[in-house]
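Colleague: Starting off with a structure, shown below.
Please treat every number below as a calculation from the coordinates, not as lab data. Only a predicted model underlies this, so the values are computations on that prediction, with no experimental measurement involved. Ideal geometry is used to build each Cβ from the backbone, glycine not excepted, and the neighbour counts take in all protein chains shown.
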Amino acid sequence: MGKITRAVIPAAGLGTRLLPATKSQPKEMIPVGNKPVIQYVVEEAAEAGIKQILIITGSKKRSIEDHFDSDNELNTLLMEKNQKELHAQINFMEIKYEEVQIFYTRQKKPLGLGHAIYLARDFIGDEDFVVLLGDTIILSEQDNNYVKRLMNFHEEKKAVATIGVEKVAPSEVERYGIIEPEKIGGLSCIIKNVVEKPKKELAPSNYAINGRYVFNKKIFDELKNLKSGYGGEIQLTDAVQGLINKERGKIWGLSLKKDELRYDIGNFLSYSCAFFDFCIRNDEIKTEFQKHVKEALKKFSN
Ligand code: UTP
């Protein structure tokens, strides 16, 4: 087991909960503040020290590749107009993360998250790797990156999988993969079982899987012959349960710290909340934006 340098970002889902916004544009390219969701996710991986990223895309997802490519026409135009700051912003990969390479492969049909991850098997080979969902943003302090902590924990414990978890309200468990924890100590626990989107009364806890994972290659053995599960999709959660059954005690959960924030861009409400939070904290617009919010609340609340 060596140092983890590779990550997979699945971004091939249909984004049906955000239709019609996602009819012809990827959910992962929807802006949150002034950047598309997937830029935050790539930056999070790069800040954790990841050097090679495989993004799983699908049809109608070409704009993801364009976003991480350089745009010579735009570069020339911005330099002609002396807009150096903007030029630097759109060339963030080359300037800030020049050591990071991005690769792409297509999932031909959105058969489920588990199916998407299985497509990464040759890219990953024998190494342990990280998965970051392309529609989830996690904000940590700059020098205390959550994904980095997950990777360090995974290596320290010689785990087979380390899964990011977060306590959610009991009313929300039906939206997530939920774990059954044992031996909870501080922010970590051993995972005894996992279940995809359980009914509230059947949920083994209210610790939800938060969209960040570290796996060793054994996950691919579980994904290989996996039948479709919840919602008719090939579920990563079912593969994790398979791993737990074979490797008891070696599948860990690690929670977010209290001050860390997770944003799920999967539905209209959670997307709206994320956009709002990014704007209300943005140095460039926050004074005016906060003023607007106060006035809007007076005007529109009933
Ligand atoms: P979601 O289930 O939240 O995304 O998957 P979705 O399927 O696009 O959403 P809805 O339910 O139709 O609204 C979480 C992540 O996994 C990716 C998605 O793109 C998203 O980033 N995913 C999901 C795939 O790459 N392939 C799939 O077959 C399913």
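Colleague: Quick check: pseudo-label points 7 Å beyond the Cα along Cα→Cβ at Glu201 and Asn75, how many nm apart are they?
Modeller: 6.1
Colleague: Highest mean first, what order results for 31-38, 214-221 on Cβ atoms within 10 Å?
Modeller: Going by the mean number of other Cβ atoms within 10 Å, highest first, we get 214-221, 31-38.
Colleague: Using the Cα centre of region 250-295 as the reference point, and only Cβ charges (+1 on K/R, -1 on D/E), how large is the resulting charge dipole? Debye, rounded to the nearest 20.
Modeller: 280
Colleague: Can I ask one more? What whole-number volume per residue, in cubic angstrom, does the convex hull of the C-alpha atoms of region 1-144 give?
Modeller: Hull volume over Cα atoms, normalised by residue count, gives 129 Å³.
Colleague: Mind putting a number on the dipole of the chain about its Cα centre? Charges go on the C-beta only, +1 for Lys and Arg and -1 for Asp and Glu, and I need it in Debye to the nearest 20.
Modeller: Its charge dipole is roughly 980 debye.
Colleague: So what are the radius of gyration and Dmax for the Cα set of the chain, in Å?
Modeller: So, for the chain, Rg and Dmax equal 19.7, 62 Å respectively.
Colleague: Sequence-distant or interchain residues sharing an amide H contact under 5 Å with Tyr176, placed H: which?
Modeller: Lys197
Colleague: Could you give the length gained by full extension between Lys108 and Lys51, i.e. 0.36 nm per residue of separation minus their alpha carbon distance, to one decimal place?
Modeller: Stretched out fully, the Lys108 to Lys51 stretch lengthens by 17.9 nm.
Colleague: Let me ask something else about it. Sequence gap at least 6, Cα distance under 8 Å: using those rules, report the relative contact order of region 188-261 to the nearest whole percent.
Modeller: 51
Colleague: Here is a follow-up. Just want the answer: with Cβ charges of +1 for Lys and Arg and -1 for Asp and Glu, which residue in Gly58, Asn145, Val100 is farthest toward the dipole's positive end in region 41-148?
Modeller: Highest projection toward the positive end goes to Gly58.
Colleague: Relative contact order, percent, of the chain when contacts are C-alpha pairs under 8 Å separated by at least 6 residues?
Modeller: Computed over the chain, the figure is 22 percent.
Colleague: Using a 7 Å offset from the Cα along the Cα-to-Cβ direction at both Leu187 and Leu297, what is the distance between the two label points in nm, to one decimal?
Modeller: 3.0
Colleague: Can I ask one more? Within a Cβ distance under 15 Å of Val293, other residues only, what is the Lys/Arg minus Asp/Glu net charge?
Modeller: +3
Colleague: Can you find, among Tyr118, Ala48, His67, the residue sitting farthest towards the positive end of the charge dipole of region 42-141, where Lys and Arg contribute +1 and Asp and Glu -1 at Cβ?
Modeller: Working it through, the farthest residue towards the positive pole turns out to be Tyr118.
Colleague: Using r as the Cβ-Cβ distance of Lys158 and Asp122, and R0 as 22 Å, what FRET efficiency do you calculate, to the nearest 0.05?
Modeller: 0.35
Colleague: Now a separate question. Sticking with the crude label model, points 7 Å out along Cα→Cβ, report the distance from Gln25 to Lys84 in nm, one decimal please.
Modeller: Inter-label distance under the simple model: 3.1 nm.
Colleague: Using all alpha carbons of region 151-260, what is the percent of pairwise distances in each 10 Å bin, ordered from the shortest bin to the longest?
Modeller: Pairs per bin, as whole percents: 15, 49, 31, 5.
Colleague: Summing -39500 (n - 2.57) over the DSSP H runs of n ≥ 4 in the chain and dividing by its residue number, what mean residue ellipticity at 222 nm do you reach, to the nearest 500 deg cm²/dmol?
Modeller: -10000 deg cm²/dmol
Colleague: If the convex hull of the alpha-carbon atoms of region 219-302 is projected onto planes in all directions, what is the mean projected area in square nanometres?
Modeller: 9.7
Colleague: Sort 48-56, 103-111, 282-290, 17-25 for me by packing, meaning the mean count of neighbouring Cβ atoms within 10 Å per residue, highest on top.
Modeller: In descending order of packing, they fall as 48-56, 103-111, 17-25, 282-290.
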